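One structure below.
Please treat every number below as a calculation from the coordinates, not as lab data. Everything numeric here is computed off the predicted structure, so don't read it as measured data. All Cβ positions, even for glycine, are placed from backbone atoms using ideal geometry, and neighbour counts span all protein chains on display.
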Ligand code: NAP
């Protein structure tokens, strides 16, 4: 077992350097290895047991839309109930397993993931359409979550100090909650799925893991890693299935103690509302951790490095085709520099390469599926009504779901393009007369996830620190790419409960504290 007493301090996992030919070769080999497994059928895992159902979820390659990555058994209400009973029973032993043992399993899982790093990333390239660097970042983040939360749990295992007095010893400790339902999105199919799962589990809870139906295979592979790392059977149960059926059933279940959800605003709100209702046999108020959508803004001041602004906008808007909750989908530029920033952004956008993510020279690939393709491209007509398309505005779904990076100029701050989460490669520009107005526009959505300010004016930077109402504010850089343990992540308002994944408070959200006071005789 890993010696948790002598752990080195946490540092983030380095990203792979793909300018090194050796790394390119290794990634290509990993792609070959994953391609050789296409079409495999994967079971559910309940209490360590493989369960195969007749009903299947089919996972397709979004860049080659008829290519089947694999099929996965599909949980229904009966199997969800079976998984709940297993998780409920396993909680007894797992919650009493010493924190050191639980943390050691996470650290071992991190080690195994490092060994299988390119294989996990290559699978995301094929299952989620992630370009190499994006997939590599996703795997690195998953490793970070395991390394970081293991250490956080160790730091919390003896509680926190409170005052004692003569004749009285007081202690403050943390206890596990119970069975948690983890519901994850497809856009960080490894990092968010694994991060939310291990945070719950290392805190001594048992987990029902319902991954997104578009990316179920990467989570099956993660289950294999957890098993190899020595996680006891029944601690994490893998039950992919339709959100509307399995999700609702488990959210409503009286034995569900908490729900850790990452996904869209509408589904998050539905979960929050349903979880608030007390069902028969329920003896607690369910806790909901919900991280939801965003409509993230980069503000460009008139005193600013405009090349930095342009590269930050393009990278934040079009990395992984804008399918990040943190993606820049709106730019508010000072009137003095608006035309110049726009021109630079258009020039950089026109240079972007788009195509199959298995070819690493492509910066962008497809969007996730047909529904996303239809939704995103429906905004082209809206863009023509609400502004001027100055780059992109085209798409091609002949072989995969490719949407070209699109820049829309001269959009009103209250237009749909400026307010609605599109979740694709479309960025809208609006003009502000001064910095006060820029911040007011930046704050005028229901969301509050990330935001960036590009400015050389210290007073304006200070103003943004105070008034830009977002959970993650970035100064003189892009608004994506939060790193575990460095930039804890989570938003305000309709972006969620601001749980700050990858931060020092996250584990405690999965626990309840206990005060113990002993009279000394
Ligand atoms: P989504 O449609 O809300 O789905 C997220 C998860 O919820 C999936 O596993 C989905 O299952 C499940 N689900 C659907 N209906 C449900 C129901 N009634 N009850 C319980 N679960 C249900 O979101 P997505 O398209 O996967 O992800 C994109 C969204 O996530 C964007 O809005 C993005 O901003 C947000 N996001 C936020 C963060 C953050 O940290 N704030 C991070 C990443 C993504 P099925 O797949 O089976 O439908």
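Brief remarks follow.
- In segment 223-266, Rg over Rh equals 1.03, where Rg is the alpha-carbon radius of gyration and Rh the Kirkwood radius from pairwise Cα distances.
- Model label zone, residue 171; criterion: amide N under 14 Å from point 7 Å along Cα-to-beta-carbon; scope segment 91-112: 99
- Helix 99-115 vs. the chain, principal-axis angle (Cα, 0 to 90°, nearest 10): 40 degrees
- Once the Kirkwood radius over Cα pairs is known for segment 292-372, the Stokes-Einstein relation at 37 °C and 0.692 mPa s delivers a diffusion coefficient of 241 µm²/s.
- Computed [θ] at 222 nm, deg cm²/dmol, the chain (DSSP H ≥ 4; -39,500 (n - 2.57); rounded to nearest 500): -12000 deg cm²/dmol
- The equivalent ellipsoid of segment 431-497 has semi-axes of 20, 15, 9 Å, largest first, where each one is the square root of 5 times an eigenvalue of the Cα gyration tensor.
- Put simply, the convex hull of the Cα atoms in segment 1-100 casts, on average, a shadow of 11.0 nm².
- In units of the compact-protein estimate 2.2 N^0.38 Å, segment 88-225 shows a Cα radius of gyration of 1.21.
- Residue 388-residue 513 pseudo-label distance in nm [points 7 Å out on the Cα-to-Cβ vector]: 5.7 nm
- Computed over segment 334-451, the quotient of the alpha carbon radius of gyration and 2.2 N^0.38 Å is 1.12.
- Cα gyration tensor, segment 1-54 - rounded (a/c under 1.5), prolate or oblate: oblate
- Computed over Cα pairs, the Kirkwood radius of segment 407-452 leads via Stokes-Einstein (1.002 mPa s, 20 °C) to a diffusion coefficient of 190 µm² per second.
- All Cα pairs of the chain, percent lying beyond 34 Å: 38 percent
- Of interest is the spacing of the C-alpha centroids, which for segment 423-444 and segment 182-221 amounts to 34 Å.
- Ranking of 291, 100 by count of other Cβ atoms within 10 Å, fewest first: 100, 291
- With both residues required to sit in the chain, DSSP beta bridges show an antiparallel share near 40%.
- Long-range tail of P(r) for segment 383-481 (Cα pairs > 21 Å, %): 41 percent
- For segment 1-36 and segment 283-335, distance of Cα centres in Å: 28 Å
- Label point distance in nm, residue 340-residue 475, each placed 7 Å from Cα along Cα→Cβ: 2.2 nm
- Helix 191-202 and the longest principal axis of the C-alpha atoms of the chain enclose an angle of approximately 20°.
- Cα centroid separation - segment 469-521 against segment 110-172, whole Å: 13 Å
- Note on residue 359 and residue 96: their simple-model spin labels are 6.0 nm apart, each label 7 Å out from Cα toward Cβ.
- Between helix 77-94 and the chain there is an angle of about 60 degrees, using the helix long axis and the longest principal axis of the Cα atoms.
- Size descriptor, Kirkwood hydrodynamic radius, that averages inverse alpha-carbon separations across segment 53-168, Å: 18.0 Å
- The stretch between residue 66 and residue 396 holds 117.3 nm of extra length on full extension. This uses 0.36 nm per residue minus the Cα-Cα distance.
- Size descriptor for segment 480-520, Kirkwood hydrodynamic radius: 12.2 Å (Cα pairs only, one decimal).
- Projected-area mean, segment 238-380, by convex hull of Cα positions, square nanometres: 12.1 nm²
- When each of the peptides 176-182, 117-123 is scored by how many other beta carbons lie within 10 Å of its residues on average, the order from highest to lowest is 176-182, 117-123.
- Scattering profile of segment 105-167 at q = 0.26, 0.29 Å⁻¹ [log10 I(q)/I(0), Debye over alpha-carbon scatterers]: -1.01, -1.12
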